[in-house]
1. Filter region 1-45 down to residues that are in contact with a Phe, Trp or Tyr (Cβ under 8 Å, 6 or more places away or on another chain) and on the phi > 0 side of the Ramachandran plot, then give me how many there are.
2. Residues of region 23-38 being touching a helix residue (DSSP H, G or I) at 6+ places or on another chain (Cβ under 8 Å) and among the hydrophobic types (A, V, I, L, M, F, W, C), which ones?
3. If you take just the strands (runs of 3 or more DSSP E) that sit entirely in region 14-80, which of them hold at least 1 residues that are surrounded by 14 or more Cβ atoms within 10 Å (Cβ to Cβ) and modelled with pLDDT of 90 or more?
4. Restricting to region 1-38, name every residue that is in contact (Cβ under 8 Å) with a residue 24 or more places away in the chain, more than 16 Å from PRO75 (Cβ to Cβ) and small (Gly, Ala, Ser).
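The values are calculated or read from the model by the stated rules, or taken from the named source; none is laboratory data. All of these numbers come straight from a predicted model, not from anything done at the bench. Heads up, the Cβs are rebuilt from the backbone with ideal geometry, glycines too, and the neighbour counts pull from every protein chain shown.
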Amino acid sequence: MRLVLEQVNDFTKRIAKELKLHKHIMLFGEGLGEAVAQEGALKMKELTYIHCQAFSASEIATSFYSYAKMNPLTPAIFIVLDSDTNAKNLML
């Protein structure tokens, strides 16, 4: 485990430090990215006990804005696996 932790790059460490300050985290994905987001949310809950919820990117209009009204500082992570989805999500 020590070897794995030593190989984590500085960007990942910085993001981890930032995320641990929050009580809620949202993950969004489209297609296969949605499954990755759901698995990521589950692992985040298991390892950190932080509330983490995964959504389909198509639900962003309802779910994200509802949470954003409650806490505008809630981090939103988008899982983008292909260029078509990337272009679509960037337009949101």
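1. Here the count works out to 0.
2. ILE25, MET26, LEU27, PHE28
3. Passing ranges, in order: 24-29, 51-56.
4. Hits for region 1-38 are GLY31, GLY33.
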